[in-house]
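The values are calculated or read from the model by the stated rules, or taken from the named source; none is laboratory data. What you see is a predicted model; the values in this text were computed from it and never measured. FYI the Cβ positions are ideal-geometry reconstructions off the backbone, even for glycines, and counts take in every protein chain you see. Just so you know, the surface numbers come from the protein's heavy atoms only, side chains and all, with ligands and any DNA or RNA stripped out. Shrake-Rupley method; radii C 1.70, N 1.55, O 1.52, S 1.80 Å.
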Amino acid sequence: MSCHTEGKRRQLLEQAEELIKTYNPKRTTLESHANEYLSINKLNANDADGAFLKEVLYGVMRCKAALKVFAACFFNDMSARVLRSDYTMYMILTYLSVFRLQELTISEFRKFVLSIDPDKMVNFLEYVFNASSLEDSGVVAHWTKIFDPDYVRNTLLKQLTSSSLEIQQIIAELRDKSTGITAAKQACKDCGTMVMTPGQRKEVKPPKLTAPVPRVVPEPSVIEQELSCKSSGFVADMTPERRVTGKLENTICHPIALHGTRSTVLVAQEAMETKRVDQLDFSRTNGSKGKCASSVAMVQLNA
């Protein structure tokens with residue numbers, strides 16, 4: 001699909017979304033609102049684009065109850081993948097998928113789908129064209145309360161199921177577009193080269209490396225130790241075997257004299273006690289240190 005066609009379909013969807021959002025039933029009717037919008041945007045109601053916009057407006061308002069039920073279940077189940085700002089866009093696509101797909105044809109529906117973000121469309125198409133997911137989410141149960149149950153199961157669900165093969169091809173195309181494979185194919189087509197898909201890529205085999213040569217570990221060598229003894233004759237008389245095996249038995253171990261650390265705590269304690277005793281000795285005078293005061297004091301009487 002060319003960029004011009006894709007941009008035209010996107011513009012139509014944006015105009016349909018704006019047409020639905022700006023409609024106020026308290027102020028005007030559907031017919032008046034549609035004609036006013038077409039005249040403002042310089043569109044002819046008899047042209048294909050004008051007729052499409054009016055049909056989407058009428059259809060969405062007519063099936064609004066069923067579309068709101070689907071949107072509620074869809075946003076509840078896919079809350080982590082969809083945005084609330086795209087609510088009206090999903091309602092339009094649901095209307096085209098469920099109620100107007102046979103008239104629109106798969107080829108035209110594909111053009112609308114490819115004009116939107118591929119990640120959004122993959123989530124939507126996998127949900128709306130899966131009958132089991134519609135049953136499990138409660139969409140079918142709510143639709144049977146709005147429409148005739150036979151119409152829901154024999155017409156709506158049957159049409160969605162019959163189109164599943166074509167929709168799977170569109171989903172695969174959207175995935176390629178999302179991952180950039182489509183753009184790479186187009187670029188290679190313009191350049192005249194060929195792009196390989198992940199299924200066509202050859203498996204890369206690792207090179208055959210030579211096995212490493214095992215390292216030879218040398219055997220440990222025996223280190224002879226000599227005995228140190230004061231008696232040289234004792235060592236001379238010993239055989240080499242006796243020197244090795246009997247050195248621990250005949251060696252006298254002398255204790256090693258370690259350096260003793262002097263403790264000054266007792267000396268300081270004794271000096272402090274002596275100082276305190278001197279301070280408590282009141283038999284000495286302050287002026288003469290070491291001399292005792294007289295025991296008899298002379299008292300002079302005044303006449």
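Near V82, within a Cβ-to-Cβ distance under 13 Å, what is the net charge of the other residues, with Lys and Arg +1 and Asp and Glu -1?
Residues near V82 contribute -2 overall.
Spin-label pair R27-I223: with each label point 7 Å from Cα along the Cα-Cβ axis, the two points sit 10.0 nm from one another.
When +1 charges are put on Lys and Arg Cβ atoms and -1 charges on Asp and Glu Cβ atoms, the dipole computed for region 1-84 relative to its Cα centre reaches about 300 debye. Geometric descriptor of region 19-162, per residue, is 126 Å³ (volume of the convex hull of the Cα atoms).
Placing pseudo-labels 7 Å out from each Cα toward the beta carbon at D150 and E103 gives an inter-label distance of 2.3 nm.
Per residue, the accessible area of region 42-114 comes to 46 Å², computed with a 1.4 Å probe over protein heavy atoms only.
How large, in percent, is the carbon and sulfur part of the accessible surface of region 86-163 at a probe radius of 1.4 Å?
The value for region 86-163 is 49 percent carbon and sulfur by accessible area.
In this simple spin-label approximation, K68 and E6 carry label points 7 Å from Cα along the Cα→Cβ vector, and these lie 3.6 nm apart. Note on L209/E166: beta-carbon distance plugged into 1/(1 + (r/R0)^6) with R0 of 45 Å gives a FRET efficiency of 0.35.
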